[in-house]
Every structure is written in C-alpha cells, then in structure tokens.
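Note sheet for the following structure.
The values are calculated or read from the model by the stated rules, or taken from the named source; none is laboratory data. Everything numeric in this text was worked out from a predicted model, so none of it was measured. Ideal geometry is used to build each Cβ from the backbone, glycine not excepted, and the neighbour counts take in all protein chains shown. In case anyone asks, the SASA skips ligands and DNA or RNA and just uses the protein heavy atoms, side chains included. Shrake-Rupley method; radii C 1.70, N 1.55, O 1.52, S 1.80 Å.
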Amino acid sequence: LSNQFAGGQCSQTGFGCSSNDTRLGVNVHYHVLPDGFVDPWFGLGFGYEWFSSTETANAAHSPTGAAVTASSGVAGWEYVNLQGGADFHLLNGALGVGPFIQLAFDQYNQASISSDNNGGTTGQSIQQQALHEWFLFGVRGVYDVKF
C-alpha cells in the first residue's frame, strides 16, 4: 500500500516507506438466533478513519544530500458500515466463531504533510472530496460473558 501511495518509489534502493489505516467507530449488531448453535447477525455502524504514510530517503539517494523523512496523512468520517455474518457457538454458547462481511463508505476531508526539512506540518481541508469504500471479509471470534 505504501509503495502505491508513493508512486513505486518505495521499492527503490535507499528509500523506505510505511503506511497504516485506522478506523474507529461504533457498531450495533442484531443477532437473529442468539441462543442457537448457528447465530446469523446483522450490523450497522459509523466512525472516523485516518490514513498516514511515511517516506524516507538515505543521504545518498535524497535530492538534498541529507537523509530525508516526510509524512503525510488524510482523515475523515466513515458515514456508514454494513455488516453481516454468522457465529457458530461453542463452549455452551460462550465462544462464537464464524465468517463475516462488511461494506463501509468513508470520505477523507482533511490532509496534512510534514517534513523534517522544514520542521513544520501543514494541514488543509480537501476541496474535491470523494467517497471511498472498504469491503472486508474474514473470520471473527467473540467471547460472551454470561451474567
């Protein structure tokens, strides 16, 4: 991901890249058969997302002749995420394991860039915003504390 974000530069000698995307939010789930062995469920949520990327160049490969580090990021709201799956209950219903899918609709509205060359960070609103989507699938595990 970081290599695509940096236009392929990360795979070149003397350059390094890292990136991460974090999503934080609130979800509500409705369980169709909470006491059954197989429990289909549906969910709805919203939240906030931020993506950051850091690029480095050693002194021999930077345009200034000194090692360079630059970071950039974007952030914005996750308007809605839709989820569905099924839990297979084990250990008298305390442990659930099963497949899930999720589709989220997000939009970045803030951007920032910082560099160790000028020592500052600049931030701005993104003028031409566009929705982007996340489609996730996998296996989830849940542990239900029974009172």
For segment 73-147 and segment 15-72, compute the distance between their C-alpha centroids and round to whole Å. 7
Signed unit charges on C-beta, dipole axis of the chain, positive-most listed residue Pro40, Ser125, His89: Ser125
Starting from the Cα of Ala70, step 7 Å along the direction of its Cβ; do the same at Ile126; then give the gap between the two resulting points in nm. 1.9
Counting only protein heavy atoms and rolling a 1.4 Å probe, one gets per residue an accessible area for segment 3-147 in Å² of 63
Protein accessible area in segment 56-121, 1.4 Å probe - carbon and sulfur %: 66
Give me the dipole magnitude in Debye, nearest 20, for the chain about the Cα centre, with unit charges on the beta carbon: positive for Lys and Arg, negative for Asp and Glu. 140
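With the contact rule set at Cα under 8 Å and sequence spacing of 6 or more, what percent relative contact order holds for segment 75-147? It would help to have the intermediate numbers written out before the result.
On the way: 142 pairs, mean separation 26.0, N = 73.
Once normalised by length, the contact order is 36 percent.
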Between Leu24 and Phe88, what length comes free when the chain is fully extended (0.36 nm per residue of separation minus the Cα-Cα distance, one decimal in nm)? 20.4 nm
What does the accessible area of Val26 come to, in Å² to the nearest 10, when a probe of 1.4 Å is used? 80
Segments 75-88, 35-48 sorted - mean Cβ within 10 Å per residue, highest first: 75-88, 35-48
As computed over segment 62-105, the Cα convex hull volume per residue (Å³): 179
